[in-house]
Amino acid sequence: MLEPSQIRPVVIAALAEDAPSGDVTSQVFVPADARATADVVAREPGVVAGVQVLEVVFAEVDPAVEVALRVSDGARFDTGDVLATVSGPARAILRGERIALNLLQRMSGIATLTAEHVAAVAHTGARVVDTRKTTPGLRVLERHAVRCGGGHNHRFSLSDAVMAKDNHLALTRDVTAAIRAARAQIPHTMHLEVEVDDLSQIEPVLAGGVDTIMLDNFTLDDLRTGVELVAGRAIVEASGGVRLDTIGAIAETGVDVISVGALTHGVRALDLGLDLRIEGG
């Protein structure tokens, strides 16, 4: 579950960007004492993520706004379902509407897309994970949305684990020695992963002592061969160009993990709306 302290910095920055000097339209069109109630309504089915964001957005705009959540993160919803009801000063609701919806729509889009990928590999033992291809400043929210969709998170940042990719390996002459030297420099609790793009690289990488070996942009046949070569000596991750229509076949090769950058960088925001009515009107 997200903590409000994780959400608030994102919300504060978004609100400041959206109305640096206030919502001038509401100030001239909406009476200061007007009150309203608004339902957050689904225009299409999906999986919800980010309902806590609604609470944080409207609390930041005006603590007098009340948010009643109708669903919990990770729940499936259908077209027409009410996800939350917001009530209070009309100006405040209008002030927070766009930011609340933008974040909820994007996060729910990620959760929905993730759930589709997870369902496609459900008949295998493969785990679907995200990547660092997240929107700058929104990683904590987007990673939470992946979890809401049944996926898992890869390393959160460059500080969390050692992950040597092709550009790192290009700077080394002896890959096995370089991996061993890296292992000697890091804590025993830190994970070490190395990416390979050719079957011939697998044995030298394994000899260095890795925890995970990433098979990048391998064909299905080479993935199967790679899994056989690794033979349980490390976690096997498949990566590169994974799509919803290909992930099932990739999972069937026997890999342990499939990383999908599109979960966050290629997602479509779900269509959610805020239907407002003036109280007493």
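The values are calculated or read from the model by the stated rules, or taken from the named source; none is laboratory data. This structure is a prediction, so every number in the text was calculated from the model and none was measured. No Cβ is skipped: glycine too gets one built from the backbone with ideal geometry, and neighbour counts run over all protein chains shown. What goes into the accessible areas is simple: the full protein's heavy atoms, side chains included, and nothing from ligands, DNA or RNA. Shrake-Rupley method; radii C 1.70, N 1.55, O 1.52, S 1.80 Å.
The table below lists the values:
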quantity: Accessible-area composition of the stretch 47-109, carbon plus sulfur, in percent [1.4 Å probe]; calculated: 44
quantity: Among THR212, THR25, THR176, residue whose mean-square fluctuation peaks in a GNM of the chain (springs only between Cα atoms under 10 Å); calculated: THR25
quantity: Cubic angstrom per residue, convex hull over Cα atoms of the stretch 103-219; calculated: 131
quantity: The chain - Rg over Rh from alpha carbon coordinates, Kirkwood radius; calculated: 1.10
quantity: Taking the stretch 91-228 and dividing mean pair separation by its residue count, relative contact order in percent (alpha carbons under 8 Å, at least six apart); calculated: 17
quantity: Taking all pairs of distinct alpha-carbon atoms in the stretch 151-205, Kirkwood radius in angstrom; calculated: 12.2
quantity: Peptide ranges 116-122, 52-58 listed from the most packed, as the mean C-beta count within 10 angstrom indicates; calculated: 52-58, 116-122
quantity: Cα-based helix-to-principal-axis angle, 90-120 vs the chain, degrees rounded to 10; calculated: 30
quantity: Peptides 180-193, 33-46, 246-259 ordered by average Cβ neighbours within 10 Å, highest first; calculated: 246-259, 33-46, 180-193
quantity: Accessible area (Å², per residue) of the chain, counting only protein heavy atoms and a probe of 1.4 Å; calculated: 48
quantity: In Å, descending, principal axis extents of the Cα set of the stretch 53-148; calculated: 50, 31, 16
quantity: Cα long-axis angle, helix 175-185 against the chain (0 to 90 degrees, to the nearest 10); calculated: 60
quantity: 5 angstrom amide H check on ALA84, placed H, neighbours 5+ away; calculated: VAL40, ARG70
quantity: Semi-axis lengths, Å, the stretch 169-281, gyration tensor of Cα atoms, sqrt of 5 times eigenvalues; calculated: 39, 19, 12
quantity: Value in Å of the Kirkwood radius, where the stretch 122-163 supplies the Cα pairs that are averaged; calculated: 11.2
quantity: FRET efficiency, GLU252 to GLU44 (Cβ-Cβ, R0 30 Å, nearest 0.05); calculated: 0.50
quantity: Base-10 log of normalised Debye intensity for the stretch 229-281 (one unit scatterer per alpha-carbon) at q = 0.14, 0.31, 0.32 Å⁻¹; calculated: -0.54, -1.22, -1.25
quantity: Taking N as its residue count, the alpha carbon Rg of the stretch 141-183 over 2.2 N^0.38 Å; calculated: 1.62
quantity: Degrees between helix 4-18 axis and first principal axis of the chain (Cα, 0 to 90, nearest 10); calculated: 60
quantity: Within the accessible area of the stretch 150-197 (1.4 Å probe), percent carbon and sulfur; calculated: 54
quantity: Cβ-Cβ FRET estimate between ARG268 and ALA75, R0 fixed at 25 Å, reported to 0.05; calculated: 0.80
